1. Are there trypsin sites (Lys or Arg not before Pro) in the stretch A:28-115 that DSSP puts in a loop and that have at most 10 other Cβ atoms within 10 Å, and which ones?
2. In the stretch B:33-113, which GluC sites (Glu not before Pro) fall in coil by DSSP and have 16 or fewer other Cβ atoms within 10 Å?
3. Over chain B, what is the percentage of antiparallel beta bridges among all DSSP beta bridges, to the nearest 5?
4. If you wrap a convex hull around the alpha carbons of chain B, what volume per residue comes out, as a whole number of Å³?
5. Can you give the Rg/Rh ratio of the protein assembly as shown, where Rg is from the C-alpha atoms and Rh is the Kirkwood radius?
6. Express in Å², to the nearest 10, the accessible area of B:Leu76 obtained by rolling a 1.4 Å probe over the protein heavy atoms while all chains stay in place.
7. How long are the three semi-axes of the equivalent ellipsoid for the stretch A:3-114, computed from the Cα gyration tensor as the root of 5 times each eigenvalue, in whole Å, largest first?
8. So between B:Lys40 and B:Leu27, what do we pick up on full extension, going 0.36 nm a residue minus the alpha carbon distance?
Amino acid sequence: AQSVAQPEDQVNVAEGNPLTVKCTYSVSGNPYLFWYVQYPNRGLQFLLKYITGDNLVKGSYGFEAEFNKSQTSFHLKKPSALVSDSALYFCAVSPAGGGYNKLIFGAGTRLAVHP
Amino acid sequence: DTAVSQTPKYLVTQMGNDKSIKCEQNLGHDTMYWYKQDSKKFLKIMFSYNNKELIINETVPNRFSPKSPDKAHLNLHINSLELGDSAVYFCASSPGGNLYGYTFGSGTRLTVV
């Protein structure tokens with residue numbers, strides 16, 4: 001069965017410092033991997049995805065993520081955090097290939113960026 | 001232009017009532033979904049429709065019944081509401097398959113009192 005783990009409930013970082021939000025996954029075969037962000041009282045917004053190809057994926061708002069197959073990880077990163085990045089971040093996974101497989105979401109990690 | 005819109009945004013109702021949440025997407029997507037987000041922010045899929053056909057039906061009480069009159073609409077009807085149904089319900093759509101990710105609506109916060 002597919003699953004996603006986000007080991008940190010909350011990540012605190014000072015503005016201007018690099019940030020990392022961790023994600024590990026379990027899926028049969030190759031994965032499709034996604035990061036979403038949720039601001040208070042809003043729906044989830046797509047940040048980036050890994051489907052195939054280059055392990056380093058760049059997305060919206062300066063975020064990037066690195067796919068590591070051997071460690072089954074897809075950590076979200078940003079070189080310099082902004083206070084406005086403070087939000088809830090979700091990692092999601094689905095088996096690669098066709099069909100209508102559902103996205104399975106992690107429990108979310110709250111990112112707090114302090115001035 | 002709102003891509004995926006849900007109504008109502010807030011819904012407060014008493015136990016035992018029946019209520020519906022509506023969802024519409026103007027993206028031309030073939031597949032729509034309902035997710036439930038609980039008080040701990042955990043997201044769990046409930047249903048998915050592709051071109052009006054039910055393709056995912058998770059273990060959800062049969063008090064919950066989705067209906068898709070056309071591929072742009074997916075409504076959720078809930079009978080005999082219980083306290084535990086209180087949550088935020090998100091509608092989402094995708095072009096089909098799992099390659100593209102989803103576009104989410106802004107959610108419906110359901111409170112059962």
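1. On the way: sites: A:Arg42, A:Lys49, A:Lys58, A:Lys69, A:Lys77, A:Lys102, A:Arg110; in loops: A:Arg42, A:Lys69, A:Lys102.
In loop regions of the stretch A:28-115 (DSSP not H, G, I, E or B), the sparsely surrounded trypsin sites (Lys or Arg not before Pro) are A:Lys69.
2. Here the sparse-neighbourhood loop sites are B:Glu58, B:Glu82.
3. Among the beta bridges of chain B, antiparallel pairing accounts for roughly 90 percent.
4. 94
5. 0.97
6. 0
7. With the √(5λ) rule applied to the stretch A:3-114, the semi-axes are 23, 14, 12 Å.
8. Extra length from B:Lys40 to B:Leu27 when fully extended: 1.7 nm.
The values are calculated or read from the model by the stated rules, or taken from the named source; none is laboratory data. None of these values were measured; they are calculated from a predicted model. Every residue, glycine as well, gets a Cβ built from its backbone with ideal geometry; the counts of neighbours run over all protein chains shown. Surface areas here come from the heavy atoms of the whole protein model, side chains and all, with no ligands, DNA or RNA. Shrake-Rupley method; radii C 1.70, N 1.55, O 1.52, S 1.80 Å.
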